[in-house]
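Trainee: Could you have a look at this structure, given as structure tokens, before my questions?
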Amino acid sequence: MLNSGQVPQPAGAVPSVVSVQGPTQALLGLQPGQKSRPCDSCRRRKSRCFVPPNDDSCVLCRFRKQECTFLEGPKPRRKRDAQSTGEGASVPPPKVAKIDGSPPATFTNMSPPDGSVASGSSAHSQVPIRETLPIEDYSTIRGHSLLKKTLGLQNPRWSNYVGSSSTLDYGFLELIPFDRRDEAELANGVSLRKVAPDAMFIMEYDRSIDGYEEMLQTVDDIERIVAPHGQALVDLYFRIVHPSFPVLHKKVFLEKYSRTHREFAPPLLAAVYSLALNWWSYDPELAPLPKPDVDKLDKLAHKTFADVIMRPKLSTVQAGLLLLQRRHDGAGDWPLCSHVVALAEELGLGLDCEKWRIPKWERGLRRRLAWAVWLQDKWHALTQSRPSHIDKRNWLIKHVTSDDFPETAADESNEDGSAEVENGRRLFQEMISLSEVVHEVLTTLFTVSAERELRDIEDILEKAKPIQIKLKDWYQALPESLRMNTQLKTRKLSSNGSLHLAYFATEITLHRRIIHALTPSTPKEIVQVCRSAARVRLLAAMDFVKNLKPEHIQAFWYSSSATNFALVGTFAALLFATATEDGERKLFKTCLDEYRWSLRVSSRGFEQMSQALRKLDLAIARIPIFEIEKRAIKSRDDDEDEEEEDENDYEEEDESGQQGRHNRSGEASGPYEDDELYNLSAMRYWNETGMNMANDVAFLMAQGDIDGNSKYPPQMTSGELRALSASGSAHSSPEQQIHHPTTERQLPDTQLQHQQQSQSQQDWMYLPSYSTGVQGPQDWPPQWHEGNHKPTVDTATNSAIRDDGYQGDMHL
């Protein structure tokens, strides 16, 4: 059935657009269905002519302060050459079917400038793209549309919140008469929109027509880079990224995209494409094709984001959040995050919009965006050690509920490699809750004033205990579907790893502050339990990383993940550097080496882990790690008598040419100190046995099998290694070594009983001064449930933290 003004089309033909609806039609004296005409000036310049509602001049003429006339007629068109349709002739792109209320589908006056096509690859630059003009006023769309009454996604208008201390006082604004859309014109192109008695927004048209044309050209360049695969990339984004990071409204995005890509701000469209390209191979039709240039997309996205921040919309905040997910805590992230926070404040995202007169879907979107900005600000403040920009007193947003998420399990894709919608929603909610604990960690222990005033370990433990209890409660309350050992659905990706890594990073950040506060004058009991608790967290975090599954690695990871991975290694380096005993020092040096190895073998194809390894190596590159050991050993050697030194000298001059074992252990500053042959032997031992280095050292030192001066692992011949492998204690492949559970080592019953009795002394939370409110030693630190799991006791920590079925989770 034809709408008024549409021309009947032959069967099979693509309908063309010949009409425009809206206020501009009435201003120009047009009848319904009659095509709008540009003013004389815009016709001569071949520019788009836009006349705002209730105005008699187009934007360009008003900008140039000239009269806007409609006197000249259109120039006669040249007849098409009959030969132009022959072989080799250029064929214009097809017109797009009209959606009621949209402008004409062809856009010939907006062809890109010379060289702009080069923004895409040569393979894609010649692919035709849609030339449909974007809708100028969503309120004029005929038929159903989610965008008719939108506040934050108007086109081409932008908005900013009117604060109570500005020149626009709510006391007299109430006297202004508002129309049926709750708007009142203040000046030409500037209006006031009232969404609640205490919430109003300034709505303003973008008066720069040249900037508008440039924006359309840029968004066309972005589309050419990925053409003709734009729709496939959008589908990939909503399959894999969106469930765990729901900052877009899927139906709104797809409604706009179905009309034209030109309805999007360039940085948002580029960010969606750029993120989706990470999973290019997950689409069977895209996998064999050459991948578009993601670097060009990123450059265009960041360049255009700087252009649109002066015209804030919800889409601008969305673009900034997605760009931050692309960068993995890179250089310049903090300024970008600061821009996103400022844009959110301009749009009033920190306000409770429950009773605002805006569409229900937009209220839910605003809440999701507000919390996404919140957690982005808090995590960047932690990972980059910067003061958070968001004051909780000005961020009065209710927690998101299931009603704020329009998608359900019914909207979930069944294709391989998709993410679960319901699980992604719960993960986003738990990430918000965890970021609130992060906020408390930062404001309590890491402000400039807190670091200056809180120096005594007793004061720090008193401040830290309530936070530690909140972390414990948060972890215990996690739903089963978000635990690392939950049964994964077949051919589904899981972002649970990103959530648990964030939890470990929070724990580590809290304990770093405690370790830094320990001094030589700190009571020995406090030092012992604080370092023991820190060791528990480090070993648990290392096992978590080691046991990540491909379904976790290939899923979406939050932007802070790269630095969070690196923080585990930073914590190991800190514990090594602050150790005062040889055995503990060797343990943490081994932990650091093992963790770096885990990052290295898993970093291929996993950008977050690869970036973490670069960050960690940069952090410890110039630290004289072995100098700490050398100083301790030198101090011990100075106390030895002359007779022992003579004996060592005698062994060095043995006719066999081999260095004596006692001298090797006394002179060496660590298991890898300047001994390439021994280094190779040690790495071969761990590689061929698949044993956990940290557990081996800790266990044998506690059993007395090695002391602080002995080499470990023991040197073994190839035959001995083969025998060990045949006995079942070794693994045959790197994959098995990475994911195989740690070999069980059980303490004698008497020692096990002793460690269970003294469990309450292994965490600073159980010190007499801080034990109020802790229900018992079984609550914390993390332990395994009794039942099918057989615990392995780590004698270095005196706590049961491993089992033979470990899957990277801590059962509380």
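Just so it is clear, none of the values below were taken in a lab; they were calculated from the coordinates. Just so it is clear, the model here is predicted, and its values are computed rather than measured. No Cβ is skipped: glycine too gets one built from the backbone with ideal geometry, and neighbour counts run over all protein chains shown.
Trainee: Roughly how big is region 219-419's charge dipole about its Cα centre, with Cβ charges of +1 (Lys, Arg) and -1 (Asp, Glu), in debye to the nearest 20?
Mentor: That gives region 219-419 a dipole magnitude of about 720 debye.
Trainee: So who's got an amide H within less than 5 Å of the one on Asn160, skipping anything under 5 residues away but keeping other chains? H placed 1.01 Å off N, in plane.
Mentor: Ile202
Trainee: So how do Ile240, Ile526 line up by other beta-carbon neighbours within 10 Å, fewest first?
Mentor: In increasing order of surrounding Cβ atoms, one gets Ile526, Ile240.
Trainee: Where the centroid of each part is defined by its Cα atoms, how far is region 465-515 from region 528-581 in Å?
Mentor: Region 465-515 and region 528-581 have Cα centres separated by 12 Å.
Trainee: While we're on this one: Rounded to whole Hz and in sequence order, give me ³J(HN,Hα) for region 471-484 from the Karplus expression 6.51 cos²θ - 1.76 cosθ + 1.60, θ = phi - 60°, writing x for Gly and Pro.
Mentor: Coupling constants for region 471-484: 5, 4, 5, 4, 5, 5, 8, 4, x, 4, 5, 9, 7, 6 Hz.
Trainee: Taking the Cβ of each residue in Leu216, Leu269, Leu236, Leu396 as the centre, tally the other Cβ atoms inside 10 Å and list the residues starting with the fewest.
Mentor: With the fewest neighbours first, Leu216, Leu269, Leu236, Leu396 line up as Leu396, Leu216, Leu236, Leu269.
Trainee: Next question. Could you rank the peptides 380-392, 606-618, 404-416 by their average count of other C-beta atoms within 10 Å per residue, with the highest value first?
Mentor: 606-618, 380-392, 404-416
Trainee: Whole percent per 5 Å bin, from 0 to the bin with the longest distance: what is P(r) over all C-alpha pairs of region 219-419?
Mentor: 1, 7, 16, 19, 21, 17, 11, 6, 2, 0, 0
Trainee: Can you give the FRET efficiency to the nearest 0.05 for Thr443 and Ser166, using r as the Cβ-Cβ distance and R₀ = 25 Å?
Mentor: Efficiency computed from Cβ-Cβ geometry: 0.30.
Trainee: Let me ask something else. Would you be so kind as to identify which of Val400, Gly348, Pro246 lies farthest towards the positive end of the dipole of region 219-419, taking Lys and Arg as +1 and Asp and Glu as -1 on Cβ and the Cα centre as origin?
Mentor: The one lying farthest along the dipole's positive direction is Gly348.
Trainee: Between region 330-362 and region 235-275, what's the alpha-carbon centroid distance in Å?
Mentor: 18 Å
Trainee: May I ask you to order 495-505, 222-232, 164-174, 515-525 by the average number of other C-beta atoms within 10 Å around their residues, highest value first?
Mentor: Descending mean neighbour count gives 495-505, 222-232, 515-525, 164-174.
Trainee: Give, rounded to the nearest 20 debye, the magnitude of the charge dipole that region 157-205 has about its Cα centre when Lys and Arg contribute +1 at Cβ and Asp and Glu contribute -1 at Cβ.
Mentor: Dipole magnitude for region 157-205 comes out near 160 debye.
Trainee: For region 156-280, what D do you get in µm² per second when you plug the Kirkwood radius from alpha-carbon pairs into Stokes-Einstein at 25 °C and 0.890 mPa s?
Mentor: Translational D for this selection: 142 µm²/s.
Trainee: Next question, about the same structure. Going highest first, how would you order 423-434, 194-205 by mean Cβ packing within 10 Å?
Mentor: 423-434, 194-205
Trainee: To make sure I understand, if each residue's beta carbon is the centre and we count other beta carbons within 10 Å, what order do Ile397, Ile620 fall in, fewest to most?
Mentor: Sorted ascending by nearby Cβ count, the order is Ile620, Ile397.
Trainee: Test of the criteria: in region 342-387, which trypsin sites (Lys or Arg not before Pro) are in a DSSP loop and have at most 15 other Cβ atoms within 10 angstrom of their Cβ?
Mentor: Lys355, Arg357
Trainee: With no solvent and one point per C-alpha, what does the Debye sum give as log10 I(q)/I(0) for region 129-202 at q = 0.13, 0.20 Å⁻¹?
Mentor: Debye output, listed in q order: -0.46, -0.92.
Trainee: In 5 Å bins starting at zero, report the fraction of Cα pairs in region 327-470 per bin as a rounded %.
Mentor: 2, 8, 16, 16, 18, 15, 12, 7, 3, 2, 1, 0
Trainee: Just list whichever of Lys65/Lys303; Lys378/Lys470; Lys463/Lys615; Lys148/Lys251; Lys355/Lys378; Lys299/Lys378 have alpha carbons separated by over 24 Å in the model shown.
Mentor: Where the Cα-Cα span goes over 24 Å, the pairs concerned are Lys65/Lys303; Lys463/Lys615; Lys355/Lys378; Lys299/Lys378.
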